[in-house]
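Below you'll find the structure, written out as structure tokens, and then a few comments.
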Amino acid sequence: MKILQVALGRIPDVCQKCMDKNRSIALKNNWEYELVTKLPDEYNVVKLDMLKTDWYRIDRLTQEKRVLYLDWDATLEIDINFGPDPVFFKNFDVAIYFGDDLDFAKRVRKAMGEMKDSYYVGGMIVKALRKVFQEDFILSGADNFNTWLLKNSKYSNFLAPFRAIRHLHINRRYMRILPTVSKFSKDK
């Protein structure tokens with residue numbers, strides 16, 4: 001099990017505190033912790049860091065089992081049994097865990113389409129997840145999506161408690177007014 005976080009550029013103090021808390025949770029549970037501070041060059045086709053990290057996090061999660069991705073301004077607030085099954089959080093793009101189901105992760109990545117620069121910010125991962133859910137809903141033959149998803153689908157067993165994640169919604173555009181730490185945290 002691993003917690004993965006990405007922090008590009010300056011880190012606001014409040015985000016550093018979130019990352020420190022997640023690192024402590026990983027240490028307490030004997031999990032790995034990885035902080036990525038620089039993305040591979042292939043992500044430079046995208047100008048906005050926020051979009052780069054969307055592509056990067058899903059690409060990483062298609063390659064490695066049992067990795068919990070958390071945004072830099074999100075913390076895990078309750079104990080959850082992270083096993084082989086995915087865990088779906090309220091803010092799916094803020095906290096992502098596919099467990100051992102790399103095929104599902106790859107379906108989400110495929111639904112995101114080709115990596116390209118865009119001025120559209122936000123929602124890309126959530127839309128891709130919805131598309132995968134919709135595909136499975138159609139195959140199920142059910143007639144009510146919400147009932148199917150929340151009660152009758154295999155995914156209904158994978159929903160995390162509502163308050164499992166605390167998300168501060170730090171917007172990089174307003175970051176210049178927040179105090180920042182002078183150095184990145186060391187990996188692991």
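All of the numbers you see were taken from the coordinates with simple rules; none came from a lab. If you're wondering where the values come from, they're calculated on a predicted model, not measured in any experiment. When we count neighbours, we look across all protein chains shown, and the Cβ atoms used for this are built from the backbone with ideal geometry, even at glycine.
Using DSSP to define loop residues, name the chymotrypsin sites (Phe, Trp or Tyr not before Pro) in region 19-55 whose beta-carbon has at most 16 other beta-carbon atoms within 10 Å.
none
Just add up the charged neighbours of Phe92: K/R +1, D/E -1, any other residue whose Cβ is under 13 Å from the Cβ of Phe92.
Net of charged neighbours comes to +2.
Sum up the charges of everything whose Cβ sits under 13 Å from the Cβ of Asp101, counting Lys and Arg as +1 and Asp and Glu as -1, but leave Asp101 out.
Its environment carries a net charge of +1.
Among Leu61, Ile3, Phe137, which residue has its Cα furthest toward the positive end of the charge dipole of the chain, with +1 on Lys/Arg Cβ and -1 on Asp/Glu Cβ?
About the Cα centre, the residue reaching furthest to the positive side is Ile3.
Determine which lysines satisfy two conditions relative to Lys106: a Cα distance under 18 Å, and not lying fewer than 8 residues away in the same chain.
Lys52, Lys65, Lys116, Lys127, Lys131, Lys154
Can you list the aspartates and glutamates whose alpha carbon is less than 19 Å from that of Lys21, not counting same-chain residues fewer than 8 positions off?
Result set, ordered by chain and number: Asp13, Glu32, Glu34, Asp71, Asp73, Glu77, Asp79, Asp187.
In the P(r) worked out for region 38-101, what percent of Cα pairs fall beyond 20 Å?
So the portion of pairs separated by more than 20 Å is 31 percent.
What is the distance, in nm, between label points placed 7 Å from the Cα along the Cα-to-Cβ direction at Leu150 and at Phe162?
1.1 nm
Looking at region 1-74, which GluC sites (Glu not before Pro) are in a loop (DSSP not H, G, I, E or B) and have at most 13 other Cβ atoms within 10 Å?
Sites meeting the loop and neighbour criteria: Glu64.
Are there trypsin sites (Lys or Arg not before Pro) in region 14-45 that DSSP puts in a loop and that have at most 16 other Cβ atoms within 10 Å, and which ones?
Answer by residue number: Lys38.
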